[in-house]
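Where a number appears in this text, it was derived from the coordinates with a stated rule and is not lab data. Everything numeric in this text was worked out from a predicted model, so none of it was measured. Neighbour counts run over all protein chains shown; Cβ positions are idealised from the backbone, glycine included.
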Amino acid sequence: MPQLQSTPLHDHNDRGVKSPSRRPMRRRIRKACEPCRHRKVKCDGAHPCELCVGYGYDCIYANGETPTADQLVSFKRKLSPSTVSKLREESSVSSDTQAKDNSEPPGPLYVLSEGCHSPKTGNTRFTRVDSAIAFPRSLGLSLNADEPPILQAFAWNTGTRGEKSEVTRPSLLQNISLHELETFSDIYFTSINPIFNILDREEYCQRADRCWTAQNIEPGFEVVLCGVMALGSLFSRQPFAHEADLIEQARLTLDRTFAHSNVLLCVDFVVGWILRAIYLRSTTNPHVSWMASSMAMHIAESIGLHQEMSDVKVTQKGCVISEKEIEARRRIFWVATSMNRFFSAQYGRTMTVLQNVGCRYPAGTSDDAADDFASIIRRLPFLCDPGDPSFIIILIEGIMNLGKIKITKLPLILLRADSMFTIYRKLRYMGFTLSQTHVEIVLSAINSALDAADALARQYQQWWTIIGVPFHSICVLLALNTTESLNLLYKAMETLQNVTTIFSSHVSREALRTAHYLVKVAEKKRRGDLGSLQRVLNLNANMAASPVAQTPVPERFSELPSFERPTDFDLAFADLLDTTSFANGGTDMTGYTL
């Protein structure tokens, strides 16, 4: 299959967006244990230190320099209360190792149970160290147990009911050929993946080749493969005959991430939920696509994608995650976050907000479309905020910021217009009228989006925005109700008709009928307003046509010209308006000084 080089997201600092705080304080320790010295990492000076506790190393100090309990207590007393508070928040305050209650040595707030396979495919569990799940293990570590309890939900319930057995399904490899996989995967990586960049094409092809060679496929990669092929089929002029079967196969496998006791959790399943959300957003009702985007967020939290790997204890010894995979985790998390935020704003639902997000924005290149996708959504305000006057300023700034983004990818041009519509609807609900400057920004975005929709429709790319943006453009143009917006109505309606002709369906025809109806209603209202004005003009016309009773003019004034027509009759107004005497401090006709 053709190869596609993966391009990561752009660094957030180039966009003027600050990343989450990254441990701003550092505490210098004179004595560090040997494992920390060898790995060149910060040691907290405790015995055992937090790194050795987290990774199960033997905490040994050189030359018998193990800090005593009195030294540690003395060190803590020297710290100011504010410093102690900050250090506690960072989980880096040394604990008294001689405490009688066997307290847990301080360390990272989160713990990750990685499978022995690749971090991308291995079964993973993520939780806080203070949770009921992690406490038995942390207690065992604090007691120096040779085999501390595994990260498991001990005593979660009575366990009196047996687990439901999994339904056996035929292998995906039995329903598709390698040629079909290559065909629809190529469409996906050409048209869709560049916008989100959640898959590396070279790695995808290698994994697919291994599956066909061994005739065996992992559940996680199965949902990825189903999503890729289904979206490729959706964007193809000759769709795959078993497209619906692919979606159902992916759904059944994704159910195992939450609906079965034998839960499967890994990065592949987050990607699978993202692909499913994109497909459902393009094919069916808004509820299921919003739920799919929310599930992507929950699974991302379940495996710790929202945290940096440096902030997490990994229970599986010897599990090494490369920098490339760390960057991929960041990219997948922020794409999932952006998608859920946008779908929620459009659907009028609450987005999934995770607590204590520490995941940094991925680094990337300036021409990375996936970074533009996340950048657009980051400029979309939280629309569930209360509608106070200060929030209006935030919304207006959102429109201004969206207008400043330089975008070349056609799908993202549509996405920007859709984002502006989302903000405008909120402002209109709050009773705010856009200024002429802001109206021009919205109209410019609409004009560009209509051209993009027309071009994508001719390329047969079924982005949900190619029908949604022209329709909502008509709605926004009617709501703005300015001369400039009404002049753009014709282009918007023409674009909607063209898209409906290419993608003729009940949904597209219904949108066209509704848009036509709204324009007709607006015209009727306009005609009513014009009728009111016309009645006023008709009244004046009747007054001009009817004879007006005139008072008889005395004979001595009969020779005077009428003021109803131009006249050159001199009434000596110039003499009355002579101001030369005023300028000279002169007198008026009666001799009084002015």
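Numbers below:
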item	result
Net charge, Asn487 excluded, C-beta distance under 15 Å - Lys, Arg +1, Asp, Glu -1	-2
Formal net charge of residues neighbouring Ala515 (Cβ-Cβ distance under 14 Å; K, R +1; D, E -1)	+1
Whole-Å distance, taken between Cα centres, linking the range 518-536 and the range 400-452	28
Segment Glu523-Gln152, length gained on full extension (0.36 nm per residue, minus Cα span)	127.0 nm
Cβ crowding within 10 Å averaged over residues, with 191-197, 427-433 ranked highest first	191-197, 427-433
Separation of the Glu34 and Leu537 label points, Cα + 7 Å toward Cβ, nm	9.9
Residue pairs, from the table Lys409/Lys525; Lys406/Lys491; Lys406/Lys524; Lys42/Lys324; Lys404/Lys520; Lys426/Lys524, whose Cα atoms sit over 28 Å apart	Lys409/Lys525; Lys406/Lys524; Lys404/Lys520
Burial order of peptide ranges 182-190, 418-426 (average beta-carbon count within 10 Å, highest first)	418-426, 182-190
³J(HN,Hα), Karplus 6.51/-1.76/1.60, whole Hz, each residue of the range 185-197, x for Gly, Pro	5, 4, 5, 4, 6, 7, 9, 10, 4, x, 6, 10, 6
Karplus-derived 3J(HN,Hα), 6.51/-1.76/1.60, for each residue of the range 357-363, Hz, glycine and proline x	6, x, 5, 7, 6, x, 7
Whole-Hz ³J(HN,Hα) from phi, Karplus 6.51 cos²θ - 1.76 cosθ + 1.60, for the range 328-333, glycine and proline x	5, 4, 4, 5, 5, 5
Convex hull volume of the range 343-490 per residue (C-alpha atoms, cubic angstrom)	125
Protection proxy ranking of 469-480, 140-151 - average other beta-carbon atoms within 10 Å, highest first	469-480, 140-151
Extension gain from Val263 to Ser504, taking 0.36 nm per residue of separation minus the Cα-Cα distance	82.7 nm
Environment charge of Ile187, counting only residues whose C-beta is closer than 13 Å and scoring Lys/Arg +1, Asp/Glu -1	-2
Cα gyration tensor shape for the range 172-347, rounded if a/c is under 1.5, else prolate or oblate	oblate
Estimated FRET transfer efficiency (Asp255, Val320; beta-carbon r; R0 22 Å; 0.05)	0.10
